[in-house]
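One structure below.
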Amino acid sequence: MILRRMLAIWISKATCVVCKLAGKQGVTLAGKIALKIDPKILMELSGQVRKKIFITCGTNGKTTTNNLLCSAIEAEGEKVICNHTGSNMLNGVISAFVLAAKWNGKLDADYACIEIDEASTVRVLPYFKPDYMILTNLFRDQLDRYGEIDITMELLKKAMHMAPDMTLVVNGDDALSAFLAKDSGNKYVTFGIGKQCQQEKENAREIREGQFCKCCGEKLNYHFYHYSQLGDYECPNCGFKRPKLDFDAENVKSGGKLSFDVDNRKIKANYRGFYNVYNILAAYAAARTAGLELKNYNKVLADYNPQNGRMEHFHIKNTDVLLNLAKNPAGFNQNISAVQEDDKPKDIIVLINDKDQDGTDISWLWDVDFDRFQDMNAASITVSGIRCQDMRLRLKYVDIPSRLEPDVEKAIRSRIADGTGNLYVLVNYTALYDTHNILKKLEQEKA
(Lines give C-alpha, C1' and ligand atoms only; values in the text may rest on other atoms or scores of the structure.)
Protein backbone atom coordinates (compact mmCIF):
# COMPACT_ATOMS: atom_id res chain seq x y z
CA MET A 1 0.00 0.00 0.00
CA ILE A 2 2.85 2.41 0.80
CA LEU A 3 4.30 1.84 -2.68
CA ARG A 4 0.97 2.73 -4.29
CA ARG A 5 0.75 5.88 -2.15
CA MET A 6 4.31 6.88 -3.07
CA LEU A 7 3.62 6.32 -6.78
CA ALA A 8 0.49 8.48 -6.56
CA ILE A 9 2.46 11.26 -4.86
CA TRP A 10 5.35 11.15 -7.34
CA ILE A 11 3.13 11.25 -10.43
CA SER A 12 0.85 13.94 -8.98
CA LYS A 13 3.76 16.19 -8.07
CA ALA A 14 5.27 15.73 -11.53
CA THR A 15 1.90 16.52 -13.15
CA CYS A 16 1.58 19.73 -11.16
CA VAL A 17 5.08 20.85 -12.20
CA VAL A 18 4.36 20.19 -15.88
CA CYS A 19 1.04 22.06 -15.69
CA LYS A 20 2.69 25.09 -14.10
CA LEU A 21 5.38 25.13 -16.78
CA ALA A 22 2.54 25.17 -19.31
CA GLY A 23 0.90 28.12 -17.52
CA LYS A 24 -1.88 26.06 -15.97
CA GLN A 25 -2.74 25.64 -12.32
CA GLY A 26 -2.74 21.83 -12.40
CA VAL A 27 -3.95 21.36 -8.82
CA THR A 28 -7.23 19.62 -9.60
CA LEU A 29 -5.62 17.31 -12.18
CA ALA A 30 -2.94 16.27 -9.68
CA GLY A 31 -5.61 15.26 -7.17
CA LYS A 32 -7.60 13.38 -9.80
CA ILE A 33 -4.54 11.35 -10.79
CA ALA A 34 -3.64 10.60 -7.16
CA LEU A 35 -7.15 9.31 -6.41
CA LYS A 36 -7.09 7.12 -9.52
CA ILE A 37 -3.80 5.49 -8.50
CA ASP A 38 -4.62 5.17 -4.79
CA PRO A 39 -8.34 5.44 -3.89
CA LYS A 40 -7.49 5.55 -0.17
CA ILE A 41 -4.82 8.23 -0.38
CA LEU A 42 -6.88 11.02 1.25
CA MET A 43 -7.87 8.77 4.13
CA GLU A 44 -4.26 7.67 4.65
CA LEU A 45 -2.68 11.12 4.46
CA SER A 46 -5.32 12.95 6.50
CA GLY A 47 -4.87 10.31 9.19
CA GLN A 48 -1.27 11.48 9.59
CA VAL A 49 -2.30 14.98 10.76
CA ARG A 50 -1.09 15.04 14.35
CA LYS A 51 -3.58 17.43 15.98
CA LYS A 52 -6.74 18.88 14.41
CA ILE A 53 -8.40 19.22 11.01
CA PHE A 54 -10.52 22.28 10.16
CA ILE A 55 -12.79 22.55 7.14
CA THR A 56 -14.30 25.83 5.94
CA CYS A 57 -17.63 25.96 4.10
CA GLY A 58 -20.11 28.68 3.16
CA THR A 59 -21.14 30.71 0.15
CA ASN A 60 -18.82 33.69 0.54
CA GLY A 61 -15.53 34.14 2.36
CA LYS A 62 -14.29 30.53 2.37
CA THR A 63 -10.89 31.12 0.82
CA THR A 64 -10.05 34.23 2.83
CA THR A 65 -11.18 32.66 6.10
CA ASN A 66 -9.40 29.37 5.47
CA ASN A 67 -6.11 30.96 4.39
CA LEU A 68 -6.20 33.41 7.28
CA LEU A 69 -6.79 30.55 9.74
CA CYS A 70 -3.84 28.71 8.24
CA SER A 71 -1.57 31.75 8.65
CA ALA A 72 -2.76 32.28 12.22
CA ILE A 73 -1.97 28.68 13.19
CA GLU A 74 1.42 28.80 11.45
CA ALA A 75 2.21 31.91 13.48
CA GLU A 76 1.80 29.73 16.58
CA GLY A 77 4.73 27.64 15.35
CA GLU A 78 2.61 24.78 13.96
CA LYS A 79 2.91 22.99 10.61
CA VAL A 80 -0.28 23.28 8.52
CA ILE A 81 -1.68 21.68 5.35
CA CYS A 82 -3.92 24.07 3.38
CA ASN A 83 -5.52 24.25 -0.08
CA HIS A 84 -4.46 27.87 -0.53
CA THR A 85 -5.49 28.07 -4.19
CA GLY A 86 -9.19 27.62 -3.39
CA SER A 87 -9.45 24.30 -5.28
CA ASN A 88 -12.18 23.06 -2.99
CA MET A 89 -13.81 20.02 -4.56
CA LEU A 90 -12.69 16.45 -3.90
CA ASN A 91 -9.71 16.49 -6.27
CA GLY A 92 -8.54 19.85 -4.97
CA VAL A 93 -8.73 18.63 -1.37
CA ILE A 94 -6.73 15.52 -2.26
CA SER A 95 -4.11 17.71 -3.96
CA ALA A 96 -3.61 19.76 -0.80
CA PHE A 97 -2.49 16.64 1.06
CA VAL A 98 -0.65 14.94 -1.83
CA LEU A 99 1.40 17.98 -2.83
CA ALA A 100 2.38 18.57 0.81
CA ALA A 101 3.44 14.95 1.32
CA LYS A 102 7.06 13.88 1.15
CA TRP A 103 8.39 11.57 -1.54
CA ASN A 104 8.31 8.68 0.96
CA GLY A 105 4.55 8.98 1.34
CA LYS A 106 4.71 10.63 4.77
CA LEU A 107 3.03 13.86 5.83
CA ASP A 108 4.56 16.26 8.36
CA ALA A 109 1.63 18.31 9.64
CA ASP A 110 0.17 19.35 13.00
CA TYR A 111 -3.04 20.81 11.54
CA ALA A 112 -4.96 20.90 8.28
CA CYS A 113 -7.07 23.86 7.09
CA ILE A 114 -9.19 22.72 4.17
CA GLU A 115 -11.72 24.77 2.24
CA ILE A 116 -14.53 22.61 0.84
CA ASP A 117 -17.27 23.52 -1.63
CA GLU A 118 -20.61 23.02 0.12
CA ALA A 119 -21.94 20.62 -2.50
CA SER A 120 -18.71 18.60 -2.30
CA THR A 121 -18.79 18.00 1.46
CA VAL A 122 -20.73 14.76 1.06
CA ARG A 123 -18.06 13.51 -1.37
CA VAL A 124 -15.10 14.53 0.80
CA LEU A 125 -16.19 13.59 4.32
CA PRO A 126 -16.33 9.83 3.68
CA TYR A 127 -12.52 10.01 3.40
CA PHE A 128 -11.80 11.82 6.68
CA LYS A 129 -13.59 13.21 9.72
CA PRO A 130 -12.74 16.84 10.53
CA ASP A 131 -12.63 18.12 14.07
CA TYR A 132 -14.14 21.51 13.18
CA MET A 133 -16.29 22.98 10.43
CA ILE A 134 -16.45 26.74 9.94
CA LEU A 135 -19.70 27.84 8.28
CA THR A 136 -19.28 31.42 7.06
CA ASN A 137 -22.77 32.11 5.63
CA LEU A 138 -25.38 30.77 3.20
CA PHE A 139 -26.46 32.93 0.28
CA ARG A 140 -28.02 32.19 -3.10
CA ASP A 141 -25.24 31.20 -5.50
CA GLN A 142 -25.15 29.66 -9.00
CA LEU A 143 -28.75 28.47 -9.22
CA ASP A 144 -28.02 26.19 -12.18
CA ARG A 145 -25.40 24.33 -10.13
CA TYR A 146 -26.53 24.49 -6.51
CA GLY A 147 -30.26 25.06 -6.95
CA GLU A 148 -32.05 26.86 -4.15
CA ILE A 149 -30.42 27.24 -0.74
CA ASP A 150 -32.55 24.42 0.71
CA ILE A 151 -30.63 21.93 -1.45
CA THR A 152 -27.28 23.23 -0.18
CA MET A 153 -28.53 23.07 3.40
CA GLU A 154 -29.62 19.45 2.98
CA LEU A 155 -26.19 18.50 1.63
CA LEU A 156 -24.44 20.24 4.51
CA LYS A 157 -26.75 18.58 7.03
CA LYS A 158 -25.94 15.19 5.54
CA ALA A 159 -22.22 16.00 5.74
CA MET A 160 -22.56 17.04 9.37
CA HIS A 161 -24.22 13.71 10.16
CA MET A 162 -21.21 11.96 8.61
CA ALA A 163 -19.02 13.58 11.28
CA PRO A 164 -21.12 13.66 14.47
CA ASP A 165 -18.08 14.50 16.64
CA MET A 166 -17.23 17.55 14.51
CA THR A 167 -17.74 20.92 16.25
CA LEU A 168 -19.40 23.61 14.13
CA VAL A 169 -18.20 27.22 14.21
CA VAL A 170 -21.11 29.10 12.65
CA ASN A 171 -22.12 32.65 11.78
CA GLY A 172 -24.86 33.30 14.33
CA ASP A 173 -25.97 36.43 12.44
CA ASP A 174 -27.13 34.21 9.56
CA ALA A 175 -30.48 32.61 10.38
CA LEU A 176 -29.89 29.83 7.84
CA SER A 177 -26.50 28.85 9.27
CA ALA A 178 -27.77 29.10 12.84
CA PHE A 179 -30.76 26.86 12.10
CA LEU A 180 -28.55 24.31 10.36
CA ALA A 181 -26.24 24.15 13.37
CA LYS A 182 -29.16 23.78 15.77
CA ASP A 183 -30.79 21.12 13.61
CA SER A 184 -27.62 19.10 12.98
CA GLY A 185 -27.17 17.62 16.44
CA ASN A 186 -23.47 18.56 16.36
CA LYS A 187 -21.89 20.65 19.07
CA TYR A 188 -21.54 24.25 17.88
CA VAL A 189 -20.23 27.69 18.81
CA THR A 190 -21.25 30.98 17.21
CA PHE A 191 -19.62 34.19 16.06
CA GLY A 192 -21.18 37.44 14.91
CA ILE A 193 -21.62 41.17 15.41
CA GLY A 194 -24.01 41.75 18.27
CA LYS A 195 -24.84 45.42 17.79
CA GLN A 196 -25.85 47.44 14.76
CA CYS A 197 -22.85 49.21 13.27
CA GLN A 198 -24.00 50.20 9.75
CA GLN A 199 -26.61 52.67 8.60
CA GLU A 200 -29.77 50.92 7.45
CA LYS A 201 -29.88 52.96 4.24
CA GLU A 202 -26.61 51.35 3.12
CA ASN A 203 -28.20 47.92 2.81
CA ALA A 204 -31.95 48.56 2.67
CA ARG A 205 -32.23 47.55 -1.00
CA GLU A 206 -30.38 44.26 -0.78
CA ILE A 207 -31.92 40.91 -1.60
CA ARG A 208 -32.66 39.01 1.62
CA GLU A 209 -32.38 35.24 1.76
CA GLY A 210 -33.93 33.11 4.51
CA GLN A 211 -36.60 35.62 5.51
CA PHE A 212 -38.82 32.84 6.82
CA CYS A 213 -38.19 30.78 9.92
CA LYS A 214 -36.82 27.33 9.09
CA CYS A 215 -38.41 25.96 12.25
CA CYS A 216 -42.03 26.96 11.63
CA GLY A 217 -42.27 28.95 8.38
CA GLU A 218 -43.27 32.28 9.94
CA LYS A 219 -41.63 35.43 8.57
CA LEU A 220 -38.71 36.48 10.75
CA ASN A 221 -38.61 39.86 12.46
CA TYR A 222 -35.29 41.69 12.26
CA HIS A 223 -34.14 44.19 14.86
CA PHE A 224 -31.49 45.29 12.35
CA TYR A 225 -29.49 44.06 9.35
CA HIS A 226 -25.74 44.18 8.82
CA TYR A 227 -26.07 43.23 5.15
CA SER A 228 -28.16 40.82 3.11
CA GLN A 229 -29.93 38.60 5.71
CA LEU A 230 -27.17 38.89 8.30
CA GLY A 231 -28.35 40.60 11.45
CA ASP A 232 -30.40 40.23 14.62
CA TYR A 233 -33.50 38.14 13.90
CA GLU A 234 -36.32 36.53 15.85
CA CYS A 235 -39.36 34.43 14.95
CA PRO A 236 -42.58 35.92 16.41
CA ASN A 237 -44.25 32.48 16.33
CA CYS A 238 -41.88 29.80 17.65
CA GLY A 239 -39.19 31.88 19.34
CA PHE A 240 -36.29 30.83 17.11
CA LYS A 241 -33.82 33.72 17.24
CA ARG A 242 -30.20 34.67 16.84
CA PRO A 243 -28.29 32.59 19.38
CA LYS A 244 -26.11 34.10 22.05
CA LEU A 245 -22.81 34.89 20.34
CA ASP A 246 -19.79 33.09 21.77
CA PHE A 247 -17.47 35.38 19.82
CA ASP A 248 -19.09 38.82 19.58
CA ALA A 249 -17.29 41.56 17.61
CA GLU A 250 -17.79 44.87 19.40
CA ASN A 251 -16.81 48.45 18.58
CA VAL A 252 -16.59 47.58 14.89
CA LYS A 253 -14.91 50.16 12.68
CA SER A 254 -14.71 49.85 8.90
CA GLY A 255 -13.42 52.00 6.07
CA GLY A 256 -9.81 52.09 4.89
CA LYS A 257 -8.97 49.83 7.85
CA LEU A 258 -10.97 47.42 9.99
CA SER A 259 -10.96 47.01 13.74
CA PHE A 260 -13.11 45.40 16.41
CA ASP A 261 -12.92 44.03 19.93
CA VAL A 262 -13.43 40.37 20.84
CA ASP A 263 -12.38 38.39 23.93
CA ASN A 264 -11.11 41.67 25.44
CA ARG A 265 -8.67 41.96 22.53
CA LYS A 266 -8.41 44.72 19.92
CA ILE A 267 -8.22 43.20 16.43
CA LYS A 268 -6.90 45.41 13.61
CA ALA A 269 -6.46 44.81 9.88
CA ASN A 270 -5.46 46.92 6.89
CA TYR A 271 -8.43 45.63 4.89
CA ARG A 272 -11.33 47.29 3.17
CA GLY A 273 -14.84 45.83 3.18
CA PHE A 274 -17.16 45.37 6.15
CA TYR A 275 -17.68 41.71 5.21
CA ASN A 276 -14.04 41.03 6.12
CA VAL A 277 -14.95 41.54 9.78
CA TYR A 278 -16.82 38.23 9.50
CA ASN A 279 -13.88 36.47 7.79
CA ILE A 280 -11.37 37.66 10.38
CA LEU A 281 -13.77 36.84 13.23
CA ALA A 282 -14.55 33.36 11.85
CA ALA A 283 -10.87 32.39 11.68
CA TYR A 284 -10.32 33.76 15.18
CA ALA A 285 -13.33 31.91 16.61
CA ALA A 286 -12.25 28.60 15.06
CA ALA A 287 -8.68 28.81 16.33
CA ARG A 288 -9.71 29.89 19.82
CA THR A 289 -12.34 27.12 20.00
CA ALA A 290 -9.56 24.65 19.20
CA GLY A 291 -7.54 25.99 22.12
CA LEU A 292 -4.98 28.08 20.23
CA GLU A 293 -3.85 31.27 21.97
CA LEU A 294 -3.42 33.42 18.84
CA LYS A 295 -0.99 35.75 20.57
CA ASN A 296 0.31 36.89 17.17
CA TYR A 297 -3.06 37.39 15.45
CA ASN A 298 -2.69 41.15 14.87
CA LYS A 299 0.78 40.62 13.43
CA VAL A 300 -0.64 37.95 11.14
CA LEU A 301 -3.29 40.40 9.95
CA ALA A 302 -0.70 43.14 9.45
CA ASP A 303 1.53 40.84 7.40
CA TYR A 304 -1.21 38.93 5.61
CA ASN A 305 -1.29 39.52 1.85
CA PRO A 306 -4.57 38.29 0.35
CA GLN A 307 -3.99 36.09 -2.67
CA ASN A 308 -6.00 34.43 -5.43
CA GLY A 309 -8.06 37.53 -6.16
CA ARG A 310 -9.51 38.12 -2.72
CA MET A 311 -8.73 41.82 -2.19
CA GLU A 312 -5.36 41.16 -3.85
CA HIS A 313 -3.22 44.25 -4.47
CA PHE A 314 -0.89 44.96 -7.38
CA HIS A 315 1.18 47.99 -8.30
CA ILE A 316 1.67 48.37 -12.05
CA LYS A 317 3.66 51.37 -13.27
CA ASN A 318 1.89 54.25 -11.48
CA THR A 319 -1.40 52.45 -10.91
CA ASP A 320 -2.63 50.70 -7.78
CA VAL A 321 -4.82 47.73 -8.76
CA LEU A 322 -7.14 45.75 -6.53
CA LEU A 323 -8.46 42.41 -7.81
CA ASN A 324 -11.48 40.88 -6.11
CA LEU A 325 -13.88 38.00 -6.71
CA ALA A 326 -17.57 38.85 -7.11
CA LYS A 327 -19.70 35.81 -7.95
CA ASN A 328 -23.21 36.30 -6.50
CA PRO A 329 -25.53 39.15 -5.44
CA ALA A 330 -24.52 39.25 -1.78
CA GLY A 331 -20.81 39.14 -2.59
CA PHE A 332 -21.07 41.71 -5.36
CA ASN A 333 -23.00 44.15 -3.18
CA GLN A 334 -20.30 43.89 -0.53
CA ASN A 335 -17.66 44.48 -3.22
CA ILE A 336 -19.51 47.64 -4.22
CA SER A 337 -19.60 48.76 -0.58
CA ALA A 338 -15.86 48.18 -0.29
CA VAL A 339 -15.17 50.24 -3.43
CA GLN A 340 -17.42 53.02 -2.10
CA GLU A 341 -15.23 53.29 0.99
CA ASP A 342 -12.49 54.65 -1.28
CA ASP A 343 -13.50 58.24 -2.08
CA LYS A 344 -10.60 58.89 -4.48
CA PRO A 345 -11.20 58.97 -8.27
CA LYS A 346 -11.08 55.45 -9.65
CA ASP A 347 -11.53 53.23 -12.69
CA ILE A 348 -13.57 50.04 -12.49
CA ILE A 349 -13.47 46.93 -14.67
CA VAL A 350 -16.22 44.32 -14.29
CA LEU A 351 -15.56 40.95 -15.93
CA ILE A 352 -18.39 38.41 -16.23
CA ASN A 353 -18.03 34.88 -17.64
CA ASP A 354 -20.63 32.11 -17.85
CA LYS A 355 -18.55 28.94 -17.93
CA ASP A 356 -19.65 25.86 -15.99
CA GLN A 357 -17.77 26.87 -12.81
CA ASP A 358 -19.36 30.32 -12.90
CA GLY A 359 -22.86 29.05 -13.49
CA THR A 360 -24.32 29.54 -16.96
CA ASP A 361 -27.33 31.39 -15.54
CA ILE A 362 -26.26 35.01 -15.05
CA SER A 363 -29.71 36.35 -14.15
CA TRP A 364 -28.25 37.10 -10.70
CA LEU A 365 -26.76 40.28 -12.18
CA TRP A 366 -30.23 41.86 -11.92
CA ASP A 367 -30.22 41.34 -8.16
CA VAL A 368 -27.03 43.39 -7.67
CA ASP A 369 -27.38 47.07 -6.73
CA PHE A 370 -25.29 48.39 -9.60
CA ASP A 371 -26.97 51.79 -9.37
CA ARG A 372 -24.60 52.43 -6.44
CA PHE A 373 -21.79 52.76 -9.00
CA GLN A 374 -23.17 56.26 -9.62
CA ASP A 375 -22.05 57.43 -6.18
CA MET A 376 -18.42 56.36 -6.06
CA ASN A 377 -16.40 58.92 -8.03
CA ALA A 378 -15.73 56.51 -10.90
CA ALA A 379 -13.91 58.10 -13.84
CA SER A 380 -14.66 55.08 -16.03
CA ILE A 381 -16.41 51.71 -15.90
CA THR A 382 -15.34 49.02 -18.37
CA VAL A 383 -17.22 45.76 -18.93
CA SER A 384 -15.31 42.69 -20.10
CA GLY A 385 -15.49 38.90 -20.37
CA ILE A 386 -17.74 36.48 -22.24
CA ARG A 387 -20.95 38.15 -21.05
CA CYS A 388 -19.74 41.74 -21.28
CA GLN A 389 -22.74 42.74 -23.41
CA ASP A 390 -25.12 41.49 -20.71
CA MET A 391 -23.19 43.46 -18.10
CA ARG A 392 -23.31 46.55 -20.28
CA LEU A 393 -27.07 46.17 -20.66
CA ARG A 394 -27.47 45.77 -16.90
CA LEU A 395 -25.63 49.06 -16.33
CA LYS A 396 -27.62 50.78 -19.07
CA TYR A 397 -30.84 50.00 -17.16
CA VAL A 398 -29.56 52.12 -14.26
CA ASP A 399 -28.29 54.87 -16.60
CA ILE A 400 -24.59 54.12 -16.11
CA PRO A 401 -22.47 54.40 -19.27
CA SER A 402 -19.68 51.85 -19.74
CA ARG A 403 -16.85 51.00 -22.09
CA LEU A 404 -16.91 47.65 -23.86
CA GLU A 405 -13.72 45.59 -24.07
CA PRO A 406 -14.16 41.77 -24.11
CA ASP A 407 -10.40 41.19 -23.69
CA VAL A 408 -9.53 41.86 -20.05
CA GLU A 409 -5.81 42.36 -20.69
CA LYS A 410 -6.57 45.09 -23.21
CA ALA A 411 -9.02 46.63 -20.76
CA ILE A 412 -6.45 46.64 -17.95
CA ARG A 413 -3.65 48.01 -20.16
CA SER A 414 -5.94 50.82 -21.33
CA ARG A 415 -6.82 51.91 -17.79
CA ILE A 416 -3.18 51.73 -16.68
CA ALA A 417 -2.05 53.83 -19.66
CA ASP A 418 -4.84 56.39 -19.43
CA GLY A 419 -6.57 56.09 -16.07
CA THR A 420 -6.73 57.58 -12.61
CA GLY A 421 -3.95 55.45 -11.12
CA ASN A 422 -6.57 53.73 -8.94
CA LEU A 423 -8.08 50.63 -10.57
CA TYR A 424 -10.57 48.06 -9.26
CA VAL A 425 -10.99 44.80 -11.20
CA LEU A 426 -14.06 42.78 -10.16
CA VAL A 427 -14.32 39.33 -11.73
CA ASN A 428 -16.41 36.20 -11.35
CA TYR A 429 -14.92 32.78 -10.82
CA THR A 430 -13.36 31.47 -14.05
CA ALA A 431 -11.80 34.84 -14.85
CA LEU A 432 -9.96 34.95 -11.54
CA TYR A 433 -6.91 32.81 -12.32
CA ASP A 434 -6.26 34.30 -15.76
CA THR A 435 -6.75 37.89 -14.56
CA HIS A 436 -4.42 37.26 -11.63
CA ASN A 437 -1.74 35.98 -14.05
CA ILE A 438 -2.22 38.97 -16.35
CA LEU A 439 -1.75 41.39 -13.46
CA LYS A 440 1.35 39.52 -12.23
CA LYS A 441 2.80 39.69 -15.74
CA LEU A 442 2.08 43.41 -16.08
CA GLU A 443 3.55 44.03 -12.64
CA GLN A 444 6.83 42.49 -13.78
CA GLU A 445 7.03 44.45 -17.03
CA LYS A 446 9.45 47.35 -17.08
CA ALA A 447 7.93 50.80 -17.03
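Comparing 416, 81, 352 in a Gaussian network model of the chain where C-alpha atoms under 10 Å apart are linked, the largest mean-square fluctuation is found at 416.
DSSP finds beta bridges in region 305-385, and of those with both partners inside it, around 45 percent are antiparallel. Accessible surface area normalised per residue over the chain is 42 Å², counting heavy atoms of protein chains with a 1.4 Å rolling probe. For region 71-119, the alpha carbon convex hull comes to 77 Å³ per residue, rounded to a whole number.
The portion of the accessible surface of region 319-447 made up by carbon and sulfur, rounded to a whole percent, is 45 (1.4 Å probe; DNA, RNA and ligands excluded). Length gained on full extension, residue 441 to residue 393: 14.2 nm, using 0.36 nm per residue less the C-alpha separation.
The largest-to-smallest principal axis extents of the Cα set in region 5-93 are 32, 30, 25 Å.
Between residue 257 and residue 19, the modelled label-to-label distance comes to 3.9 nm, taking each label 7 Å out from Cα in the direction of the beta carbon.
Just the number, please: percent antiparallel of the DSSP beta bridges in the chain, rounded to the nearest 5.
Details: 19 of 60 bridges.
The antiparallel proportion sits near 30 percent.
Which order, highest average first, do 161-173, 3-15 follow once you tally other Cβ atoms within 10 Å for each residue and take the mean per peptide? Intermediate results must be reported in sequence, preceding the final value.
Numbers: 161-173: 21.2, 3-15: 18.5.
The densest-packed peptide leads the list: 161-173, 3-15.
Against the empirical curve 2.2 N^0.38 Å, the C-alpha radius of gyration of region 194-340 lands at a ratio of 1.17. Could you give the distance between the Cα centres of region 23-52 and region 353-421, to the whole Å? Spelled out, the Cα-based centre of one part sits 38 Å from the other.
Solvent-accessible area of residue 368, all protein chains in place: 0 Å² (probe radius 1.4 Å, heavy atoms, ligands and nucleic acids excluded). Percent of Cα pairs in the chain per distance bin of 10 Å, from zero to the largest separation: 4, 21, 31, 28, 14, 3, 0.
Rounded to the nearest 500, the 222 nm mean residue ellipticity of the chain from helices alone is -11000 deg cm²/dmol, with -39,500 (n - 2.57) taken per DSSP H run of at least 4 residues. Of the residues 213, 197, the one with the largest accessible area comes first in the ranking 197, 213, computed with a 1.4 Å probe on protein heavy atoms.
Under 20 Å Cα-Cα from residue 106, which lysines qualify once same-chain neighbours fewer than 8 residues away are excluded? Those lysines meeting the cut-off are 13, 32, 36, 40, 51, 52, 79, 129.
Once you divide the Cα radius of gyration of region 269-375 by 2.2 N^0.38 Å, the number left is 1.26. Solvent-accessible area of residue 17, all protein chains in place: 90 Å² (probe radius 1.4 Å, heavy atoms, ligands and nucleic acids excluded). Would you list which lysines come within 27 Å of residue 253, measuring only between C-alpha atoms, while excluding same-chain residues fewer than 8 positions from it? Those lysines meeting the cut-off are 62, 195, 201, 241, 244, 266, 268, 295, 299, 327, 344, 346.
For region 405-447, the equivalent ellipsoid derived from the Cα gyration tensor has semi-axes of 17, 13, 9 Å, listed largest first.
Of the peptides 327-337, 88-98, 214-224, the order by per-residue mean of other Cβ atoms within 10 Å, starting with the highest, comes out as 88-98, 327-337, 214-224.
Distance between the C-alpha centres of region 260-316 and region 163-189: 22 Å, rounded to the whole angstrom.
The values are calculated or read from the model by the stated rules, or taken from the named source; none is laboratory data. All values reported here derive from a predicted model rather than from experimental measurement. No Cβ is skipped: glycine too gets one built from the backbone with ideal geometry, and neighbour counts run over all protein chains shown. These area figures cover heavy atoms from the full protein model, side chains too; ligands, DNA and RNA do not enter into them. Shrake-Rupley method; radii C 1.70, N 1.55, O 1.52, S 1.80 Å.
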